[in-house]
Structure formats: structure tokens, C-alpha cells
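Student: Pasting in a structure now, in C-alpha cells, and then I'll have a few things to ask.
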Amino acid sequence: MYRTAVCCVVCVGLWTSAASSATITTYNRAAFQTALSGGTLSGQDFDSLAAGTVLGTLDGVTYGASGGNPIVTDSYLTSTTPNGLGSTSVGYFLSSESATFTFATAITAFAIDINTFAAFEGAYTATLNLGDVVSSRFDVFPNTSTGQFLGFTSDVAFTSVTISAVADPGSGATYAYTLDSLVYGEAAAVAVPEPSSLVLCGLASFVGCGVWARRRRVA
């Protein structure tokens, strides 16, 4: 787990949800790395945990899987070496299965990498407890041809995010998946200035610019 701050706002998408009147700003993976203008973020890359660890609540985040329990796995493609997050159902999240993250403290920023063969925009959604629904970006992992990214901020704090697969509008197919590089926290500027070394580091090694392992992808 880490805690840091990032700088330079780069907005990619913006809309207001009628469900909660929240303004949601979406990002691609590269933009999220340089976004949030000093916001304070935490993260979990699952790499310090042993493969096979079943997750419940860890560091203020409660992990859930609709078809089983979330489990740390080293069997699939990840955005940081060696581990990602799957489900005890079959080792990964089935296309019919949702993954839920519930936060002890309300947050305004969330991002996660999705390992999948789905190659269309919006293959997954993140549903907030507020009622807002955010679509993923078809944003491939470096040096691969697959991958999705969910990254966004909200001007209304939220406490849970549920990720689900969406049917391909062409074929009707849905795709199984695993997850990696969870990032969450406060998008607003912090009151106390952060050391410059923290401002300059951050998500670069955690979302997109770390070591990208070439492992077996989810079928």
C-alpha cells in the first residue's frame, strides 16, 4: 500500500448524473497518472500479499465478489508484478460476476486496471453507491493489445464502487476479467503542502509505468 500526491489536472470526460447530481470526471490511464492537482491517494497493487490470500477488509477497504470471495492471484496478466485480484469462483471474475470495493472513509477519486480480452469502449461499468454509473476505457496495457481502465473523480464523495461487465454491442458477448492497481482517495487539494519529492512521484510506478508482466490472460 502507498500514500502520495499527484499533480497536473488533465480532464478527459465530464458529465453530471441525475441520480446524485454529482459531476463525474473520467480519465484514461495516462491522464489519471498526472491528474488530481495534489489530491491525496492511497493504493493497493496486491504485490505484497501472498498469492492465494482471500481478502475481506484490508487498510480500510472491504473487498467483495458476487460469485465467491476476492483472492490474490499471480496467474494472469497484471499491471504490476506479480499479483492481481481474482475471485474464488474460478480464479478470476466470471463475466456474470461483479467486484465491489467499499471504503471506510468516503472518497472522491477511484481508478483500477482491468485485465480482459474485451476490445471495445465501455466493456465494464463502475456503479457508485450514489447511483452514478461510469464506463471503462478501452486502454490497453503497454506492450499488449488488451486491457481496460476505469478512472474518475466525483465532486460528491462516495463509499462504494461495484464493477460489472457489459455486453459487446456487436456480438453480445461479455468477458471475464481480473483486476490490478487499485487507486483511491481524495481528489481535492490537501491543506498542508506535500514535499516536492512526493508530488513528483506517485502513480507513475503504480498505474501504467511500472513493470508490466506478460502472463496468461483471462480466457
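Computed from the coordinates by the stated procedures, all read-outs in this text should not be read as laboratory data. Everything quoted here is computed from the prediction, not taken from an experiment. Counting neighbours? That spans all protein chains shown, and the Cβs are built from the backbone with ideal geometry, glycine included.
Student: Is there a quick way to get the dipole size of region 9-166? I mean about its Cα centre, with the Cβ of Lys and Arg at +1 and of Asp and Glu at -1; what is the value in debye to the nearest 20? Could you put the intermediate results ahead of the total?
Tutor: On the way: 2 positive and 10 negative charges, 28 e Å.
Once rounded to the nearest 20, the dipole reads 140 debye.
Student: For a quick check: with amide H placed at 1.01 Å from N, whose amide H comes under 5 Å from Ile71's, ignoring anything fewer than 5 positions away on the same chain?
Tutor: HN-HN under 5 Å from Ile71: Leu55, Gly86, Ser87, Thr88.
Student: Karplus couplings for region 140-154 from phi (6.51 cos²θ - 1.76 cosθ + 1.60, θ = phi - 60°), rounded to Hz, Gly and Pro as x?
Tutor: 5, 5, x, 6, 9, 10, 10, x, 10, 9, 10, x, 7, 10, 9
Student: Could you list which residues have their amide H under 5 Å from that of Leu58, counting only those 5 or more apart in sequence or on another chain, with H placed in the peptide plane?
Tutor: Amide H neighbours of Leu58, under 5 Å, 5+ apart: Tyr63.
Student: If you don't mind, another one. Work out, step by step, the length gained on full extension between Asn129 and Phe117: first 0.36 nm times the residue separation, then minus their alpha carbon distance; give nm to one decimal.
Tutor: Values: separation 12, 0.36 × 12 = 4.32 nm, distance 2.74 nm.
Stretched out fully, the Asn129 to Phe117 stretch lengthens by 1.6 nm.
Student: For Leu58, Leu85, what's the fewest-to-most ordering of other Cβ within 10 Å of each Cβ? Spell out each step's value before the answer.
Tutor: On the way: Leu58 14, Leu85 31.
Taking fewest neighbouring Cβ atoms as first place, the list is Leu58, Leu85.
Student: Along region 160-172, what does the Karplus equation 6.51 cos²θ - 1.76 cosθ + 1.60 (θ = phi - 60°) give for ³J(HN,Hα), rounded to whole Hz, x for Gly and Pro?
Tutor: Once rounded to whole Hz, the list reads 8, 9, 10, 9, 9, 7, 10, 5, 4, x, x, 9, x.
Student: Of the peptides 161-172, 109-120, how do they stack up when ordered by the mean number of other Cβ atoms within 10 Å, highest first?
Tutor: Details: 161-172: 15.3, 109-120: 23.9.
Ranking the peptides 161-172, 109-120 by packing returns 109-120, 161-172.
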